[in-house]
Amino acid sequence: MSKPKRNSPCPCGSGKKYKKCCGANVIDLNYDVYNNELDRIHGELITYAFTNYKETITNQLNKYMPTNLDDDTREAYTSCLNVWTILNVPIENEGKTIAETFLASVKVEHTRTKDISQRWSTSAPVVVKIASIDQSQKYKVKVIDVLNGENYLLPLLQGEFTPGDFLTGILIPYVNHYNFFLTALEIDSHQEQHIRQVLERLSNQVGGLRQHYPDLLKEMLVEPSNQLDWHKQEHEEVAEMFLNHANEKGLDGKIATEGVRLWNLYCEKKNPNLKKASPYAAALDYFIQTALVHAEPTQKEIADEYGTSATTVSSNYRKLTDLLADEVRQ
């Protein structure tokens, strides 16, 4: 016996259409129809984001990219931050995220697919631990949210993973499983205690991980040996001001990072007392431009950029040169 058409009279004899009667109680187990459409929407959202909001994504990278990252770590940080930007960060002057903007207009064939995809823009970053991998099942990877203990089933992940590994990213729902949006990043499992402490601290702050995910990534990805210690907050403020100006001017990231390292070395040896960050940030900028970039800005140009005086830049530049000139030559 063939299945009744949705608009045909219901065979139960009620006089109603099949879709309004017994057909309404039929559970469709052909999940692939919906999941395939969700895969399409997933891919189109990624393309839409990088095609239409490349500047927004780049601005977020410039704002949050830590110093002292090797190339591999920088690439990993970039991938995760891009995911966060697309799903969680409101577009400036628009009030909606890139995902919300796209999902409001994307063409969707099935109501069920639309309902599920609309939930993607409310998904928050997670850190999960792989609980098991079952090679006999289609959705074979079981992961546990480290923060709240919730379980999720995922398709087999690309890469070599084993139970006990930690991953971070943003999980988005499908019909009968979840997927990482765009990418997932493995975190060193030896950091488990540190991971849990950082998660607990950031999740309890206003905005939770949706707002503070860049801080989580920074603490997870930057090895403690690569993090610089600052004995005074004002010393770190000089580094941050210099980096902001370096990013705005398009200074090479490696050179900017080296500038911060040299400033940290100067602070370790001289421990200067600062009233304002700008005079030393300007002097550091001038020092890096002349010593590493081999550019020829004037001290007045740099002073005007930082809102200080050329005389102050000159004085602080000499202090930096006296201590750091030999370090630069090495």
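The numbers here are math on the coordinates, done by the rules we state, and not lab data. It should be emphasised that the depicted structure is a prediction, and the values quoted were computed from it without experimental measurement. Cβ placement follows ideal geometry from the backbone for every residue including glycine, while neighbour counts extend to all protein chains displayed.
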Total charge of the residues flanking Glu94 in space, meaning their Cβ is under 14 Å from its Cβ, with Lys and Arg +1 and Asp and Glu -1, is -2
In degrees rounded to 10, the 0-90 angle between helix 31-52 Cα long axis and the longest Cα principal axis of the chain is 30 degrees
The local net charge around Ser79, scoring Lys/Arg +1 and Asp/Glu -1 for residues other than Ser79 whose Cβ lies under 12 Å from its Cβ, equals -2
Check: C-alpha center region 32-91 vs C-alpha center region 251-309, spacing in Å is 32 Å
Straight-line reach check, Lys17, cutoff 27 Å on alpha carbons, 8 or more apart in-chain or any other chain, hits among lysines -> Lys3, Lys5, Lys114
For region 214-317, the count of lysine pairs 8 or more apart or interchain whose alpha-carbon atoms are under 15 Å apart comes to 4
With DSSP loop assignment and no more than 13 other C-beta atoms within 10 Å, the chymotrypsin sites (Phe, Trp or Tyr not before Pro) in region 260-326 are none
Taking GluC sites (Glu not before Pro) in a DSSP loop with at most 14 other Cβ atoms within 10 angstrom as exposed, one finds the longest site-free stretch of the chain at 161-330
If the chain between Asp72 and Lys249 were fully extended at 0.36 nm per residue, the gain over the current Cα-Cα distance would be 61.3 nm
Taking trypsin sites (Lys or Arg not before Pro) as exposed when in a DSSP loop with at most 12 other Cβ atoms inside 10 Å, the chain has its longest clean stretch at 139-274
Given a Förster distance of 41 Å, the FRET efficiency implied by the Cβ-Cβ spacing of Asp39 and Gln193, rounded to the nearest 0.05, works out to 0.65
With Cα coordinates, the longest principal axis of the chain makes an angle with the long axis of helix 71-88, in degrees rounded to 10, of 50 degrees
Length gained if Glu327 through Lys17 is fully extended, taking 0.36 nm per residue and subtracting the Cα-Cα distance, is 103.2 nm
